[in-house]
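Trainee: Please read through the structure below; I'll follow up with questions.
Computed from the coordinates by the stated procedures, all read-outs in this text should not be read as laboratory data. Keep in mind that what you see is a predicted model, and the values were worked out from it rather than measured. Neighbour counts run over all protein chains shown; Cβ positions are idealised from the backbone, glycine included.
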């Protein structure tokens, strides 16, 4: 598969759009369908497509395995830390009202941070799942 | 006629139950561990359908607010199932990782072979 | 991140109820029937490679069904995760284990009996459920109107699913993120690192654990995934 010209050129054409679409889904999730779970899956899908066509070694050069594996706890910590920040501001855990004087914007900031944590966790988990299965070999 | 109407308005539920039972049948009747996991995910997706079917309101729109629309489908089951799908793939991958390790230890993924080999140990 | 100002003046409130509803229901029934057919094909197919591809088709059909059920966020997730990522992981597993199933390993009667009994009981219970698309069921009158009102008053972002996911039920989602984290970590613990042969097994066992294919395993050499 690594010698197939059409796949290689097609993947190179499609990949930036997949990643941009993932970020669109992430940051437009307040207004349209989308959010951290979908964006994480789409971003991981882009990296997996790259790994399938150009080989797992090239993919690990672009997105190192150690980075991917550290993304998993980082996202959960970002999520949980957002809640702790809310607690220090005198609200309940994961209540974002203190982030900004305006109620709607405060909650938008909170949702943005939390969804970013979800994106990092889900993308890291799915990519490291693929690396783990593909790196097992025979 | 009444029976027919009841059937038509509950068609989603019948298909849901059919998919659920198909998954259950695969899990019980097939010995291949990967096929069992396919059956489990079939079972799981039927549960998604079971949650999402009553959330739909005829005449409603997707739950994204727009001043031009008044009726929205229920967003709460959508949230529950949205997270369940991603958790489902994580647990599915865990099951498949166990299958890979079982294959490395036993050389097969057929349940009957594994049990007979356990008996020989 | 600033929302448009609250609309002033009268807005014509529409519902999607029109000629489209009948067409929607027809498409929904068609997709559901196709899903049932695909699940039968999954049961009867013996080649695991084919089963995985059928499972991908099933996931795309499920995403389409979710689309017609107004669950747009869920449909997007199912198309990306269910059809994309889980198919890839299944194929990676088949590459590691081999792709043929045994012809007929066990009896069909008892599982079929259990399935029919369970299915019959569930179908019997289904007639007590409200009909499809009813708007006056308890789930639509209890908490959901509050979410819709909050979005309407510009207290929350317009996408109610995101608002419920990351704000109203954020603690729930934190639990889900932790479950994803745990699942990923467990897979890494199982699969990362070097392949170790089993140590300390007695020599007189029926198969040699150190050889990749035991002599009496005929299933995993008949058809390879790739």
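Trainee: If I fit a long axis through the Cα atoms of helix B:33-52 and take the longest principal axis of the Cα atoms of chain B, what angle between them do I get, 0 to 90°, rounded to 10?
Mentor: In chain B, helix B:33-52 runs at an angle near 10 degrees to the longest axis.
Trainee: Using a simple spin-label model with points 7 Å from Cα along the Cα→Cβ vector, what separation in nm is obtained for residue A:62 and residue A:105?
Mentor: 3.8
Trainee: Just want the ordering: B:117, B:35, A:12, from fewest to most Cβ atoms lying within 10 Å of their own Cβ.
Mentor: Ascending number of Cβ neighbours within 10 Å: A:12, B:117, B:35.
Trainee: Just rank C:142, A:107, fewest to most, by other beta-carbon atoms within 10 angstrom.
Mentor: C:142, A:107
Trainee: Taking only C-alpha pairs under 8 Å that are 6+ residues apart, what is the relative contact order of chain B in percent?
Mentor: Answer for chain B is 23 percent.
Trainee: How far, in degrees from 0 to 90, does helix B:11-29 lean away from the longest principal axis of the Cα atoms of chain B, to the nearest 10?
Mentor: 10
Trainee: Classify chain B as rounded, prolate or oblate, taking a ≥ b ≥ c as the square roots of the eigenvalues of its Cα gyration tensor: rounded when a/c is under 1.5, otherwise prolate if a/b is larger than b/c and oblate if not. Write out the running numbers ahead of the final one.
Mentor: Values: a/c = 6.34, a/b = 2.04, b/c = 3.11.
In terms of gyration-tensor shape, oblate.
Trainee: Right, something else. Extension gain residue A:89-residue A:31, at 0.36 nm per residue separation less the Cα-Cα distance, in nm?
Mentor: Taking 0.36 nm per residue and subtracting the Cα distance, the gain is 18.2 nm.
Trainee: Apply the a/c threshold of 1.5 to the C-alpha gyration tensor of region C:21-145 and tell me whether it is rounded, prolate or oblate.
Mentor: Because a/c hits 1.5 or more and a/b fails to exceed b/c, region C:21-145 counts as oblate.
Trainee: Would you work out if the protein assembly as shown is rounded, prolate or oblate? Take a ≥ b ≥ c from the square roots of the eigenvalues of the alpha-carbon gyration tensor; rounded if a/c is under 1.5, else prolate when a/b is larger than b/c, oblate otherwise.
Mentor: oblate
Trainee: In whole percent, what relative contact order does chain A give with Cα contacts below 8 Å and a gap of six or more residues?
Mentor: The value is 29 percent.
Trainee: Please compute the modelled spin-label separation between residue C:87 and residue C:30, points set 7 Å along Cα→Cβ, answer in nm with one decimal.
Mentor: Each label point lies 7 Å from its Cα, and together they span 2.1 nm.
Trainee: Then there is this: What's the exposure ranking of A:7, A:78, going from fewest to most Cβ atoms within 10 Å? Walk me through the numbers on the way to the answer.
Mentor: Numbers: A:7 15, A:78 18.
Result, fewest neighbours first: A:7, A:78.
Trainee: Let me ask something else. Defining a contact as two alpha carbons under 8 Å apart and six or more residues distant in sequence, what relative contact order in percent does region A:6-75 show? Kindly include the intermediate steps, with their values, before the conclusion.
Mentor: On the way: 44 pairs, mean separation 18.8, N = 70.
Taking the mean separation of contacting Cα pairs over the length of region A:6-75, I get 27 percent.
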